[in-house]
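The structure appears below as structure tokens.
The values are calculated or read from the model by the stated rules, or taken from the named source; none is laboratory data. This one's a predicted model, so the numbers in the text were calculated from it and none came from an experiment. Here Cβ is always computed from backbone atoms with ideal geometry, including for glycine, and neighbour counts include all displayed protein chains.
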Amino acid sequence: MSYMLPHLKNGWEVDQAIVTEEDRVVVIRFGRDSDPTCMIQDEVLFGIAEKVKNFAVIYLVDIDEVPDFNGMYELYDACTTMFFYRNKHIMVDLGTGNNNKINWALGDKQELIDIIEIVYRGARKGRGLVVSPKDYSTKYRY
């Protein structure tokens, strides 16, 4: 479903998407459209795009086509989702230790909506770090 969501084709477009959005959270999925993990994430993002349109906007960025941010945001994973609000990177404490981004595919639409909503509410209050409604540190039970 990546073809249904807007793609940002260069670094300038990514910067403009982050800088110019005043009232909504900018959700950017960095990855490759052909990657299976990204395909799962894109399906979920497409499914929630209409539901979150009042408080979030979703973009996709191919890290091979736009390598400008790979070093800056440490985009080494196959699929990474990041959040921005009023030109500020909003971190999310998911319980995994990496608060900068979500680097796996969230398969549940409601979980992702909840995270975006928490980011929106926290960012509007001026917080740079918000706590996820669910703890993902116990995602894999060995």
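Here are the numbers for the structure shown:
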item	result
Residue 44 among the β-branched types (Val, Ile, Thr), touching a Leu at 6+ places or on another chain (Cβ under 9 Å) and part of a strand (DSSP E or B)	no
Subset of the range 57-102 that is small (Gly, Ala, Ser) and closer than 13 Å to residue 131 by Cα - its residue that is modelled with the highest pLDDT	95
Checklist (1) without any contact (Cβ under 8 Å) to a residue 40 or more places away in the chain; (2) within 14 Å of the chain's Cα centre (by Cα) applied to residue 121, failing item	(2)
Residue in the range 90-102 that is of a type outside the set (Ser, Thr, Tyr), closer than 28 Å to residue 138 by Cα, under 11 Å from the mean Cα position of the chain (by Cα) and assigned to a loop (DSSP other than H, G, I, E, B) present	yes
Test: residue in the range 52-72 that is within 12 Å of the chain's Cα centre (by Cα), outside any strand (DSSP E or B) and crowded, with 17+ Cβ neighbours inside 10 Å	no
Test: residue in the range 69-86 that is polar (S, T, N, Q) and within 21 Å of residue 123 (Cβ to Cβ)	yes
Within the range 73-101, considering residues that are aromatic (Phe, Trp, Tyr) and more than 21 Å from residue 40 (Cα to Cα), the one surrounded by the most Cβ atoms within 10 Å (Cβ to Cβ)	85
